[in-house]
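Nothing in this text is a laboratory measurement; each read-out follows from the coordinates by a stated rule. Computed from a predicted structure; not experimentally measured. Please note: Cβ atoms are built from the backbone with ideal geometry, for glycine as well, and neighbour counts cover all protein chains shown.
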Amino acid sequence: MIGNVSLAVPADGFPVIAYHDATAGDLKVMKCNDAACAGGDETVTTAYSTNNAGFGNAIGIGQDGRPVIAFSVVTAGSSDLMFMRCNDAACAGGDETVMPVATTGDAGDAPSMVVPPDGRPIISYYADDTDDLRVTRCTDASCTPAGGGPPVAADAVGDVGDHSAIAVNAAGRPRVSYHDATNGDLKLMECNDAACTGDDETITVVDADDAGASSAIAMDANDRPVIAYQSGGANGLRVAASNPAATAPAGALNLGSVDATAGGAATATLTVTSSGTTPVTFGTPSVTGADGARFTVTGGTCAGAAVNPGATCTVTLSFAPGEVGTVTDTLTLPSDDPAGALVRTVTGTGTFTGTPPTDPGFAPPPSTPDPAPTTPSPRAPALTALTAAKRVLTVRAADATTAALVIAAPRPTGPALTRALAACAKRRGAARTRCTDTARWTTIRRASVTLTAGTGTLRLGKVSGRHRVTVTLTGPGGTATATRTLRIR
């Protein structure tokens, strides 16, 4: 009886397969003699036969062209994670190099492995005794000394990490897909270094519909992860490919002509479309150039937003010329589009429509004295951007000194939520709205942030996923409240 199977293809094009012989309790390796493993004359070797070996296994090809295998061994009901570096193409001879990787507790289930260009294997696996996802990066091609690199509890929130899959991007940083059994989610962890250390990895919920009990991951041509996974909610196979893209009308954004002597201004709005197959997340737009002070981003909906495919957002600009003539600058809207930031030229013209004096050097005295200066009333505060990256929430606002934050998480779908919403439906007007809001969201944190030069930050810890943030701004001109829903990474 055959158990778990993994496969790799070395440079000769003939597959090498690791599998669990469930009858004998052994880890076996089959080296094919042709590309299709046909003919019935393949080389089969018992690579490891101590205890119940190989029920979980992952095979790869080392820099020397020979197989390397991460595998589980069950001893007295507890699983250990082991590493084997083969001395030949078929792992034959009984002289392979075997090293323990994780042998403390029941900590070596369901390994997945990738061999990056530096030749140091990286293994993700499930620690059954603590219900954690763990990652270890070997110190060398043989995972020596014993234990390889230090195991990292990459995600320890709930029962997470079973049946993970791992790949690395062009920079050698792991991308791990795995199952969150507590919430029934498929998650993606994007590591910020080769060993996933520092507790600052980006963790995203890819699919929250009873998904990810098993998955496979690879990097696409744009160096972004593509995940195939089992979906209980959809009763089948799903694929999640990250393909964000942003487009806008071609050509310059012309704000028109404004009388430079009258103190007026003109506005224009650029409409941006999410043109990929997955949501695109935008940063804060800005205008740069020699005349950048003449153009101001005054509003819009793109800043900090995650825009679904086919939907649009806007960037609104104002132009206030200081002199006669045409000025040209550059509008930049950053996003996670692999093609880079969206860049457009912005232009406007300052004109003079009055009657020039006969002598340009002579200005007659005013017929009446200038009115006494007045003190303008302070402006009400306004939220200009709310973004979250690397679990840091950034608030940007105008005319505000402090921001009170209320962060709420969506309640999980299920019978309890359905019953609560049914009860809310019996109410009317504002009472119904408040009831529905309370049913759908639960407050997980309140905090106050001091704004310096209009900007303040709040570290979020291990908060991740879609959340609603209510911001109450306070400034000389009073208070203002705004609510945004964003994905925290």
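So if I place +1 on the C-beta of Lys and Arg and -1 on the C-beta of Asp and Glu, and nothing else carries charge, what would the dipole magnitude of the chain be about its Cα centre? I want it in debye, nearest 20.
On the way: 35 positive and 44 negative charges, 530 e Å.
With only Lys, Arg, Asp and Glu charged at Cβ, the dipole is about 2540 debye.
Taking 30 Å as the straight-line reach from the Cα of residue 462, the lysines in range (excluding those fewer than 8 positions away in the same chain) are 187, 390.
The residue list 283, 68, 315 was ranked by how far each Cα lies along the charge dipole of the chain toward its positive end, using unit charges on Cβ atoms, and 315 comes out on top. Entry note, the chain: relative contact order of 7 percent, from Cα contacts under 8 Å with a spacing of 6+ residues. Once C-alpha pairs closer than 8 Å and six or more residues apart are averaged by separation and normalised to the residue number of the range 213-258, the relative contact order reads 25 percent. How tilted is helix 415-424 with respect to the longest principal axis of the chain? Cα atoms for both, answer in degrees (0 to 90, nearest 10). Once rounded, the angle reads 20 degrees. Normalised by the number of residues in the range 57-113, the average gap of Cα pairs under 8 Å and 6 or more apart makes the relative contact order 36 percent. For Kirkwood radius over Cα pairs in Å, the value calculated from this model appears in (i) 26.8; (ii) 25.2; (iii) 28.4 under label (i). Rounded to the nearest 500, the 222 nm mean residue ellipticity of the chain from helices alone is -1500 deg cm²/dmol, with -39,500 (n - 2.57) taken per DSSP H run of at least 4 residues. Magnitude of the charge dipole for the range 2-241, about its Cα centre and with charges confined to Cβ atoms of Lys, Arg (+1) and Asp, Glu (-1), is about 500 debye. Principal-axis analysis of the Cα atoms of the chain puts helix 429-440 at an angle of about 30° to the longest axis.
Listed by chain and number, the aspartates and glutamates whose C-alpha is less than 17 Å from the C-alpha of residue 31, apart from same-chain residues fewer than 8 away, are 12, 21, 41, 42, 64, 88, 95, 96.
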